[in-house]
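Before any comments, here is the structure.
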Amino acid sequence: MAHIYSEKMEMGHLYGADAIKAHWYWYVASGVLLVLLGLASIVFPFAASIAGNYAIGAILVVAGVIQMVHGVQTRKWKFAGLSLVGGILAIVAGALLLGFPLVGVVTLTSVITAFLLVSGVFKIIYAFKLKPEPGYKWLAVSGVLAVLLALLVLSEWPQAAVWLLGLLIGFDLLFTGAWLITLALNARRADRA
């Protein structure tokens, strides 16, 4: 029993600082990619908004087809009908986003604004719980900016919805990427010390 306990302890430890130290380069690569995507979204906010709309629309259509296939394959299951209905709804929602991209962008902007507001608050809370760990300030900045951008969208609604979606995504990606880079480089420095 002690052997199992020690394995669990090691596994729990692996997913913390040791995992970051062992795979710091993946954190840096992810961070750099997020920073680049964020900058592209900030420079081309309308394109990022439309691209985001099309991507989500396509994902919904594919997810709807998968859900419908699942419903057909499990038709004897008592909830198969719900799977079919859910699949149809996902396909319809995806088709609407693909067919009416500007309406989709406005709708997605409202959903993402709510997400940024809530996730920003949680990032701020998490950053203060991480304090004084390296990189906590980047996470706090990401949270504060997410909240401020959500409030900006609400104050300019609906005129800014078309281009602001890409801008919101861009800033969030930029600062989250910076946080990942800082986290990884600090873990690497600590490992070398």
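The values are calculated or read from the model by the stated rules, or taken from the named source; none is laboratory data. Computed from a predicted model, the values in this text were never measured in an experiment. No Cβ is skipped: glycine too gets one built from the backbone with ideal geometry, and neighbour counts run over all protein chains shown.
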- request: State the number of residues belonging to segment 136-149 that are farther than 24 Å from ASP18 by Cα and surrounded by fewer than 23 Cβ atoms within 10 Å (Cβ to Cβ).
  value: 6
Test: LEU130 is modelled with pLDDT of 90 or more and touching a helix residue (DSSP H, G or I) at 6+ places or on another chain (Cβ under 6 Å): no
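Restricting the search to segment 46-104, which residues are part of a loop (DSSP other than H, G, I, E, B) and either in contact with a Gly (Cβ under 9 Å, 6 or more places away or on another chain) or touching a residue at least 24 places away in the same chain (Cβ under 8 Å) (or both)? Before you say what the answer is, go through the steps one by one.
First pass over segment 46-104, keeping only residues part of a loop (DSSP other than H, G, I, E, B): 74-79, 100.
Within segment 46-104, ARG75, TRP77, PHE79 qualify.
Could you list all residues from segment 136-191 that are outside any helix (DSSP H, G or I) and either modelled with pLDDT of 90 or more or among the hydrophobic types (A, V, I, L, M, F, W, C) (or both)?
Result: TRP157, ALA160.
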field: Residues satisfying the stated conditions in segment 25-60, i.e. surrounded by 19 or more Cβ atoms within 10 Å (Cβ to Cβ) and either touching an Asp or Glu at 6+ places or on another chain (Cβ under 8 Å) or of a type in the set (Ser, Thr, Tyr) (or both)
entry: TYR27, GLY38, SER41, SER49
message: I'm trying to understand the selection: among the residues of segment 150-164, which are out of contact with any Pro (no Cβ under 6 Å at 6 or more places or on another chain), within 15 Å of LEU108 (Cβ to Cβ) and surrounded by 14 or more Cβ atoms within 10 Å (Cβ to Cβ)?
response: ALA150, VAL153, TRP157, ALA160, ALA161, VAL162, LEU164
statement: If we ask which residues in segment 63-102 are loosely packed, with under 13 Cβ neighbours inside 10 Å and under 22 Å from the mean Cα position of the chain (by Cα), their number turns out to be 1
